[in-house]
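Chemist: First, the structure itself, so that you have it in front of you.
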Amino acid sequence: MSTPQRRRRGAERRPRFAIAVTALFFVLLYLPVGVVVLFSFNAQKSLTVLDGVSFRWYTALLHDEVLLDSLGMSLRVSLVAMAGSLVLGVALALGLVRSRSRLGSFAGLIMLVPLITPEIVTGVAAMLLFKGLGITLSTTTVMLAEITFSISYVTVILRSRIAALNPEVEEAAMDLGATRGQALRLVTLPALLPSILASAVLIFALVFDDFVLAYFTTGVDPQPLSVRIYSAIRFGVQPTINAVGTLMLAGSIGLILLALAIPRLFGRRGGLDLLSGK
């Protein structure tokens, strides 16, 4: 066998060690999640022995007023953060793409900072800001912090889509008599609708699951669901928490899949392409 053929066969061999390491990584990552889902259907209160299958803890969750209040707060915070970040993110993305100055390029770089900054730093900074301004931590502070944190995600996703739009279409609308505002409302925004909807679903899922930022900016009561779960775990894990975690996992996966599928439903690029800017 010639040397080139040996090299070709060596290149075609599967990297077994890399595959084994990758498989081990995913096992360690998702095994605890699988245990939580499995024991959420446990018929007994035990967290170590699986004894039958039952929806007992899901029923108990429906009668737990504390957890339901926290669930309601998380839903309200997610909806407000989604709406606020979309309005500000769309406006900011339009301004950054159409700005030709150095200030616009610098602002675009600044928008990437929240994405790479550790969330605990953002949470502590938000708490210190509210404390310094004399604002009592409450549901409102959680909403403001989540909106601020989510704007960058919306802006990054929409910038790639706006940059791909043909500006001549909007210019043609203005040549036909439309004002700049009408061209934006009737031409540009409808073209951005798939990306806007995908961003909305993604932001809702991220905010609903968020713990670090909510922990540092929430008040005493009611608390977001993620913070309430953490508080309950400190005094012992209850089987009801497994049911809550399973529902949150299912909801988050569903929302993220929906965010990735929405652009394709409109015949546009998928959410992964939007995130990568391709």
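The values are calculated or read from the model by the stated rules, or taken from the named source; none is laboratory data. Since we're looking at a predicted model, the values are computed, not measured. Glycine gets a Cβ as well: all are built from the backbone with ideal geometry, and neighbour counts include every protein chain shown. When the accessible area is computed, the model is the full protein with side chains, heavy atoms only, and any ligands, DNA or RNA have been set aside. Shrake-Rupley method; radii C 1.70, N 1.55, O 1.52, S 1.80 Å.
Chemist: Please tell me if THR48 is of a type in the set (Val, Ile, Thr), in a helix (DSSP H, G or I) and either over 22 Å from the mean Cα position of the chain (by Cα) or closer than 24 Å to LEU249 by Cα (or both).
Modeler: no
Chemist: Then there is this: Go through segment 157-185 and count every residue that is part of a helix (DSSP H, G or I), among the small types (Gly, Ala, Ser) and free of Cβ contacts under 8 Å to residues at least 24 places away in the same chain.
Modeler: Here is the first cut: in segment 157-185, the ones part of a helix (DSSP H, G or I) are 157-164, 167-175, 180-185.
So of that shortlist, the ones also among the small types (Gly, Ala, Ser) come out as 160, 163-164, 172-173, 181, 183.
Those left that are additionally free of Cβ contacts under 8 Å to residues at least 24 places away in the same chain: 164, 172-173, 181, 183.
Final tally of qualifying residues: 5.
Chemist: If you scan segment 10-48, which residues turn out to be modelled with pLDDT under 75 and surrounded by fewer than 10 Cβ atoms within 10 Å (Cβ to Cβ)?
Modeler: Of everything in segment 10-48, those that are modelled with pLDDT under 75 and surrounded by fewer than 10 Cβ atoms within 10 Å (Cβ to Cβ) turn out to be GLY10, ALA11, GLU12, ARG13, ARG14, PRO15, THR48.
Chemist: Let me ask something else. Looking at (1) assigned to a helix (DSSP H, G or I); (2) of a type in the set (A, V, I, L, M); (3) out of contact with any Leu (no Cβ under 6 Å at 6 or more places or on another chain), find the lone condition where ILE151 falls short.
Modeler: (3)
Chemist: Let me ask something else. In segment 125-171, what residues are crowded, with 18+ Cβ neighbours inside 10 Å and of a type in the set (D, E, K, R)?
Modeler: GLU146, ARG159, ARG161, GLU170
Chemist: Sticking with this one: Which residues, taken from segment 51-63, are assigned to a loop (DSSP other than H, G, I, E, B), open to solvent by 40 Å² or more (accessible area, probe 1.4 Å) and within 20 Å of ALA250 (Cα to Cα)?
Modeler: Once the filter is applied, which keeps residues that are assigned to a loop (DSSP other than H, G, I, E, B), open to solvent by 40 Å² or more (accessible area, probe 1.4 Å) and within 20 Å of ALA250 (Cα to Cα), segment 51-63 yields only PHE55.
Chemist: Evaluate segment 126-141: report whether one residue or more is in a helix (DSSP H, G or I), farther than 18 Å from GLY89 by Cβ and touching a Lys or Arg at 6+ places or on another chain (Cβ under 9 Å).
Modeler: There is at least one residue in segment 126-141 that is in a helix (DSSP H, G or I), farther than 18 Å from GLY89 by Cβ and touching a Lys or Arg at 6+ places or on another chain (Cβ under 9 Å).
Chemist: Kindly indicate whether any position in segment 239-251 is open to solvent by less than 40 Å² (accessible area, probe 1.4 Å), modelled with pLDDT of 80 or more and under 14 Å from the mean Cα position of the chain (by Cα).
Modeler: Looking through segment 239-251, at least one residue is open to solvent by less than 40 Å² (accessible area, probe 1.4 Å), modelled with pLDDT of 80 or more and under 14 Å from the mean Cα position of the chain (by Cα).
Chemist: Hey, LEU213 hits all of (1) surrounded by fewer than 22 Cβ atoms within 10 Å (Cβ to Cβ); (2) under 30 Å from LEU258 (Cα atoms) but one; which does it fall short on?
Modeler: (1)
Chemist: Only one residue in ILE196, ILE233 is open to solvent by 10 Å² or more (accessible area, probe 1.4 Å), at pLDDT below 80 and among the aliphatic types (A, V, I, L, M). Which one?
Modeler: Values: ILE196 fails: at pLDDT below 80.
Only one candidate passes the filter, namely ILE233.
Chemist: Follow-up question, since we're still on this one. Here's a check for you: in segment 64-79, which residue that is modelled with pLDDT of 90 or more and out of contact with any Leu (no Cβ under 9 Å at 6 or more places or on another chain) is surrounded by the most Cβ atoms within 10 Å (Cβ to Cβ)?
Modeler: Per the stated criteria, the residue is VAL77.
Chemist: Turning to a different aspect of this structure: PHE130 versus (1) more than 23 Å from the chain's Cα centre (by Cα); (2) modelled with pLDDT under 90: which is the lone unmet condition?
Modeler: So PHE130 meets the others, but not (2).
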